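Colleague: I have a structure here, written as structure tokens, and I will follow up with some questions on it.
The values are calculated or read from the model by the stated rules, or taken from the named source; none is laboratory data. Treat the numbers as computed from the prediction; the structure is a model and nothing was measured. Here the Cβ is made from the backbone with ideal geometry for all residues, glycine too, and neighbour counts use every protein chain on show. Areas reflect the complete protein model, heavy atoms only, side chains present, ligands, DNA and RNA absent. Shrake-Rupley method; radii C 1.70, N 1.55, O 1.52, S 1.80 Å.
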Protein chains: 2
Amino acid sequence: MCQTADAASAQGAGLVIFPEMFLTGYNVGAAVFKLAEPAAGPSSQKAAAIARKAGVALLYGYPERDGDTVYNSALLIDRNGRPLANYRKAHLYGGEEKKLFVPGDRLVTAELDDLKVGFLICYDVEFPEAVQTLALAGAHLIAVPTALMEPFGLVARTVVPARAYESQVYVACANLCGKEGNIAYCGLSGIVGPDGHELARAGKNEELLIADIEPATVAAVRANNPILAERRPELYTGPINSL
Amino acid sequence: MCQTADAASAQGAGLVIFPEMFLTGYNVGAAVFKLAEPAAGPSSQKAAAIARKAGVALLYGYPERDGDTVYNSALLIDRNGRPLANYRKAHLYGGEEKKLFVPGDRLVTAELDDLKVGFLICYDVEFPEAVQTLALAGAHLIAVPTALMEPFGLVARTVVPARAYESQVYVACANLCGKEGNIAYCGLSGIVGPDGHELARAGKNEELLIADIEPATVAAVRANNPILAERRPELYTGPINSL
């Protein structure tokens, strides 16, 4: 984390996103109950020191302990080392995650200077309404630690760009790479603009991707083609003519 | 329409989808007020004769007149020449469409033997909740006449497959090709399976695409990876932690 934070900071980054369960590994099974730490635990204090030293905000995935409950969480620490937001994965994927974690019960946004960031973790981003809800709450960027595995490369290549397009926000996914036990990760981390076009895309291996995230571009895209504003919620809950 | 219906029927098709505003052309401006016909008008009777002769159901876009009101509609005629469903485009695209048409006020499904079909027209399909609402109402296939123009190829290549993936339905888009006045259409008609993978994809020119649409495959995909069932609507309307 330290080297990546320094390298990103040297390139002028304001925020670095790490993958889901970055601190412990994703595929650790029941060991997660021992590894889980409170949001303000010792690991977050180490991360805070790294953020402060590099002068860059950090978002990373980790297993969070809150009393007897364990969440699959992501913590945002600002460039001064201050914990700013903690998001608990709301859509748990598959049987294993549901055995290990309790799902979060709300979405979260936070402000980094003039940038409003919404948070999701991996499977969450497959749900269009999750991204849309954050976009409608004013987020310019959806930051998504992931542990996307084979054979779901379609999610990185196709579903994530569609999320950015339809909700007219930046979406940045940081994925795990390589193998961990019986799981092969996709890599394919990516940063997509609010018009759905890719700004940066990794291959299967670890890379540091950099992109400018501009609130003014979000506004320009929405002014040009107002998809988000032209939703018709009354239609999606109203009667259907079934013939 | 007649040749295409015959060719599709010869290949065993049960339903043929034609583009948006197929009967009159899409880029006809205010002439649409003269060209518009009631759903039961003379053109639909010709189409019914074609469907009956070819023994195949037809879905096509046309400008619909209902009293003083004109809609951008799609009519489904079954293989016996019976008009089965009429859908009025609910999300009108851009200033020109909003000048010419009144938006429809409800979604529509219809049954063709054991297949439940939902209807959308072009821009409608960019709204994830429109597809999702039809999928939750039981549709196996979303049939989409389109007039997708440059530079929006991303919608055909990326957004439409994401729609199929997230709502776990087949999506079939029939697009216009070539130029019409100042508009260049994308082509790129496509049929996507309920796992988001392409079953058939046209290039820029007209092609007859064929695919098997299997309700059992929809069920199998949903059983394997229950995205549609794992939505959490309470989360999308609940409070957000804004930090």
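Colleague: For the full complex of protein chains and a 1.4 angstrom probe, list A:9, B:44 by accessible area with the highest value first.
Modeller: Details: A:9 35, B:44 10 Å².
If we order A:9, B:44 from most to least accessible, we get A:9, B:44.
Colleague: Additional query: Determine, from the Cβ-Cβ distance of residue A:102 and residue B:183 and an R0 of 60 Å, the FRET efficiency 1/(1 + (r/R0)^6), rounded to the nearest 0.05. Could the numbers behind the result be given before it?
Modeller: Working: r = 52 Å, r/R0 = 0.87.
It comes out at approximately 0.70.
Colleague: Tell me, what ³J(HN,Hα) does each residue in region B:218-223 have, in order and in whole Hz, if you take phi through Karplus 6.51 cos²θ - 1.76 cosθ + 1.60 with θ = phi - 60° and put x for Gly and Pro?
Modeller: Whole-Hz 3J(HN,Hα) from phi for region B:218-223: 4, 4, 5, 5, 5, 6.
Colleague: Then there's this: Which order do you get for A:210, A:17, A:121 if you rank them by accessible area with a 1.4 Å probe, largest at the top?
Modeller: Working: A:210 70, A:17 40, A:121 0 Å².
Sorted descending by solvent-accessible area, the residues read A:210, A:17, A:121.
Colleague: Ignoring everything except DSSP H segments at least 4 long, calculate the 222 nm mean residue ellipticity for chain B; use -39,500 (n - 2.57) per segment, divide by total residues, nearest 500. If you can, show how the numbers build up before the last one.
Modeller: Numbers: 8 runs with 65 residues, N = 243.
Estimated from H runs of four or more residues: -7000 deg cm²/dmol.
Colleague: Any number yet on Rg/Rh for chain B, C-alpha, Kirkwood? Mind dumping the intermediate values first?
Modeller: Numbers: Rg = 17.7 Å, Rh = 18.2 Å.
Using Cα coordinates only, the ratio equals 0.97.
Colleague: Using a basic spin-label model with each label point 7 Å from the Cα along Cα→Cβ, how many nm lie between residue A:242 and residue B:237?
Modeller: 2.0 nm
Colleague: Taking a label point 7 Å from Cα toward Cβ, how far is residue B:2 from its twins in the other copies, in nm, shortest first?
Modeller: 8.0
Colleague: Can you grab the distance from the C-alpha centre of region B:123-171 to the C-alpha centre of region A:4-83, Å, no decimals?
Modeller: Spelled out, the Cα-based centre of one part sits 37 Å from the other.
Colleague: Report the accessible area of residue B:177, computed with a 1.4 Å probe over the heavy atoms of all protein chains in place, in Å² rounded to the nearest 10.
Modeller: Estimated to the nearest 10 Å², residue B:177 gives 40 Å².
Colleague: Given labels modelled 7 Å from the Cα in the Cβ direction, how far is it in nm from residue A:137 to residue A:6?
Modeller: Going by the 7 Å Cα→Cβ label model, 3.6 nm.
Colleague: Right, something else. Can you list residues from other chains, or at least 5 along the same chain, whose modelled amide H is less than 5 Å from the amide H of residue A:186?
Modeller: Close amide H contacts, sequence-distant or interchain: A:148, A:149, A:150.
Colleague: Given label points at 7 Å from Cα along Cα→Cβ, what nm distances, shortest first, separate residue A:14 from the same residue in every other copy?
Modeller: Its label point is 5.4 nm from the equivalent points in the other copies.
Colleague: Keeping all protein chains in place and using 1.4 angstrom, which order do A:140, B:91, B:197 fall into by accessible surface area, from largest down? Please list the in-between numbers first.
Modeller: On the way: A:140 40, B:91 5, B:197 90 Å².
Heavy-atom accessible area, descending, gives B:197, A:140, B:91.
Colleague: Restricting to bridges with both residues inside region A:92-243, how much of the DSSP beta-bridge set is antiparallel, in percent to the nearest 5? The partial results should precede the final answer.
Modeller: Details: 13 of 22 bridges.
If I count the DSSP bridges inside region A:92-243, around 60 percent turn out antiparallel.
Colleague: In square angstrom, rounded to the nearest 10, how much accessible surface does residue A:4 have for a 1.4 Å probe?
Modeller: Roughly 50 Å² of residue A:4 is accessible to a 1.4 Å probe.
Colleague: Sticking with this one: Near the amide H of residue A:73, under 5 Å away, which other amide H atoms are found, from residues 5 or more places off or on another chain, if H is placed in the peptide plane?
Modeller: Under 5 Å from the amide H of residue A:73: A:62, A:64, A:89.
Colleague: Quick one: what are the phi-derived ³J(HN,Hα) couplings along region B:194-205, Karplus 6.51/-1.76/1.60 with θ = phi - 60°, whole Hz, x for glycine and proline?
Modeller: x, 9, x, 8, 5, 9, 7, 8, 7, x, 7, 9
Colleague: Give me the distance between the Cα centres of region B:207-232 and region A:186-233, rounded to whole Å.
Modeller: Each part reduced to its Cα centre gives a spacing of 27 Å.
Colleague: Also, quick follow-up: Nothing charged except the Cβ atoms of Lys and Arg (+1) and of Asp and Glu (-1): what's the magnitude of the dipole of region B:2-230 about its Cα centre? Round to the nearest 20 debye. Mind showing how you got there, number by number?
Modeller: Numbers: 19 positive and 26 negative charges, 97 e Å.
Once rounded to the nearest 20, the dipole reads 460 debye.
Colleague: When each copy gets a label point 7 Å from Cα toward the beta-carbon at residue A:114, what are the spacings between them in nm, shortest first?
Modeller: The projected label point of residue A:114 is separated from its counterparts by 5.9 nm.
Colleague: At 7 Å along Cα-to-Cβ for each site, give me the label-to-label distance between residue B:46 and residue A:197 in nm.
Modeller: Result for the modelled spin labels: 4.1 nm.
Colleague: In peptide B:156-165, what is the residue-averaged number of other protein chain Cβ atoms found within 10 Å of each Cβ?
Modeller: Values: counts 0, 3, 12, 9, 2, 5, 14, 4, 1, 7.
Averaged over the peptide's residues, the number is 6.
Colleague: List every residue whose amide H lies under 5 Å from the amide H of residue A:142, counting only residues 5 or more places away in sequence or on a different chain, with H placed 1.01 Å from N in the peptide plane.
Modeller: A:118, A:170, A:171, A:172
Colleague: A further question follows. Could you give me the ³J(HN,Hα) list for region B:57-65, computed from phi with Karplus coefficients 6.51, -1.76, 1.60 and θ = phi - 60°, whole Hz, x at Gly and Pro?
Modeller: Whole-Hz 3J(HN,Hα) from phi for region B:57-65: 6, 10, 10, 8, x, 6, x, 9, 9.
Colleague: Can you return the aspartates and glutamates within cross-link range of residue B:53? Criterion is Cα-Cα under 18 Å, with same-chain partners fewer than 8 residues away left out.
Modeller: B:6, B:78
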